[in-house]
Amino acid sequence: MDQACVLLIDDEEGLRASLSQGLELTGHKVIATGDPSAALELIKRDFYGVLVTDIRMPGTDGFEIMRKALEIDPALPVVLITGHGDVPLAVEAMRAGAYDFMEKPFSVISLGSVAERALEKRRLVLENRKLRVELADRTGLEGRLVGRAPAMDQLRRNVLALANTDADVLILGDTGSGKEVVARSLHDEGPRKKHPFVALNCGALPAEIIESELFGHEKGAFTGASGQRIGKLEHAHGGTVFLDEIESMPLELQVKLLRVIETRTIERLGSNKSIDLDVRFIAATKEDLEAAAKEGRFRIDLFYRLNVVSVSIPSLRARLEDIPLLFQHLAVEARARYRREIPDVPDGYLAKLMAQDWPGNVRELRNVADRFVLGLEMDAKPDAATTSSLFDQVAAYEKALITAELKRNNGSIKATYEALGLSRKALYEKMRKYGLGRDMEEGNLL
């Protein structure tokens, strides 16, 4: 993204020069002109700037300039400079889409503050558009395991490395982190993709029927077995069996599963015939299975058999920087499901999301995205971004970004300010502002 700038239009050369100099002294890049047509030529959909224009000018007026600018990009912030008698016109312009108006006389510092807030809003709009374009360009594994965090890069590399093997895999991750998405990716990226992917939630099946569900049964094997039934394992022949919440499987069934994994054969209930099985097993757990084994809740031999190859999924709170991209991805999925257009994301809304803890991980964020697309999220969260000032929204977003970058760089100040494009001094000032320095000193940040 190019450097932000203030595009200033005013026909009075002296005032234009004075405002330009004042804005530059407050740290803004300024493009100043008395020619509205030349200014409009600079405005594109990706223009990173704010338009500041006087209302009263010979041959045209700021209202008309604003109308033409908003035709190019309705999200462009436009600030109108008005004389005392132009205030009613400026109010009308605000209703037509102006970001703000300033009544003469005003201080350059005030104009600089308005421009700074407008530029922050513009930055968020452009970032939001960039995310949507980036999502549209993502295909394959990047379109399924969404994220830029190093942990997600490593996860994708692990999936690609394992997908073309028949190695059984144990997926480790918190509730809602996307364990089934990873399992399906391992299946779909490998040679078994044309064969069944059978997912079983071991915690959702009643203990009295789980054995029949897995192995199938013959007619008369038990009361109510009126016919032969093919079990899930046999149905998955040639493909993949995904055993979610493996820690919930009854101990007596774990013995039988271990035998199946080791011999790659099954016997239907009520039969002595051995059936060869060509499947790949992928198990998933949110628990420490070794600890569960020591407590007698999980068989240690099954743990060792499953733990040959393991893949860990990072929690959402460990990759906060992925939330804007992931939210857009989930919103696109929600749009397809509900056949609703995605509303414009309010200023600071993504910052609010990045400031949360997300105990439910991606599943929880998906629910938020669904409600957002359905138009319910703002009502569901009265403390959402719309109720706080733009200053607070920007601060929350900035703090979340800095915190995530510090964590990603293991607390390295140099790596963090270089990644964020800041000077060392600027980073220290922001850390002090948000209390991050104290967290680091107390060992709470990392």
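Every read-out reported here was derived from the displayed coordinates using simple, explicitly stated rules and does not represent laboratory data. Here the structure is a predicted model, which is why all the values come from computation and not from measurement. A quick note on method: Cβ atoms are made from the backbone with ideal geometry, for glycine too, and the neighbour counts reach across all protein chains shown.
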Can you tell me the equivalent ellipsoid semi-axes for region 60-115? Use √(5λ) from the Cα gyration tensor, largest first, whole Å. 19, 14, 9
What is the set of long-range amide H partners of Arg280 at a cut-off below 5 Å, with H atoms built 1.01 Å from backbone N? Gly239, Thr240, Val241
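Compute the relative contact order of the chain as a whole-number percentage, counting only Cα pairs closer than 8 Å that sit 6 or more residues apart in sequence. It would help to have the intermediate numbers written out before the result.
Numbers: 681 pairs, mean separation 54.4, N = 446.
12 percent.
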Which residue fluctuates the most in the chain, going by a Gaussian network model with Cα springs under 10 Å, if the choices are Gly239, Gly112, Gly348? Gly112
Residues meeting the amide H criterion for Ile171 (H placed from the backbone, H to H distance under 5 Å, 5 or more places apart or on another chain) are Ala283, Ala284, Thr285, Val311
Compute the distance from the alpha-carbon center of region 226-285 to that of region 347-363, in whole Å. 39
About its Cα centre, what dipole magnitude does region 147-312 give when the only charges are +1 on Lys and Arg Cβ and -1 on Asp and Glu Cβ, stated in debye to the nearest 20? 440
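Could you size up the charge dipole of region 270-372 around its Cα centre, putting +1 on the beta carbon of Lys and Arg and -1 on that of Asp and Glu, and report it in debye to the nearest 20?
Values: 17 positive and 16 negative charges, 68 e Å.
Around 320 debye, computed over region 270-372.
Charges at C-beta only: +1 for Lys and Arg, -1 for Asp and Glu. How large is the resulting dipole of region 1-75 about its Cα centre, in Debye rounded to 20? Could you put the intermediate results ahead of the total?
On the way: 7 positive and 14 negative charges, 40 e Å.
Dipole about the Cα centre, nearest 20: 200 debye.
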Return the single residue from Leu186, Leu111, Leu325 with maximal mean-square fluctuation; model: Gaussian network over the chain, springs between Cα atoms under 10 Å. Leu111
Using DSSP to define loop residues, name the GluC sites (Glu not before Pro) in region 248-352 whose beta-carbon has at most 14 other beta-carbon atoms within 10 Å. Glu287, Glu295, Glu341
Cross-link reach from Lys44 to lysines, straight Cα distance under 23 Å and at least 8 residues apart if same chain, gives Lys29, Lys68, Lys121, Lys130
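Output the peptides 271-278, 170-177 sorted from most to least packed, where packing is the average of other Cβ atoms within 10 Å over each peptide's residues. Can you show the working numbers first?
Details: 271-278: 12.4, 170-177: 20.4.
The packing order, highest mean first, is 170-177, 271-278.
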Straight-distance crosslink candidates among lysines, where the alpha carbon sits under 20 Å from Lys286 and sequence neighbours closer than 8 are dropped: Lys179, Lys294
Using the Cα centre of the chain as origin and beta-carbon charges of +1 (Lys, Arg) and -1 (Asp, Glu), tell me which of Asn361, Gly239, Pro58 is placed farthest towards the positive end of the dipole. Gly239
Can you give me the long-range amide H partners of Cys5? Hydrogens built in the peptide plane at 1.01 Å from N, cutoff under 5 Å, separation of 5 or more residues or another chain. Gly49, Val50
Reachable lysines, given that their alpha-carbon falls under 19 Å from the alpha-carbon of Lys430 and they are not under 8 places away in the same chain: Lys352, Lys399, Lys407, Lys414
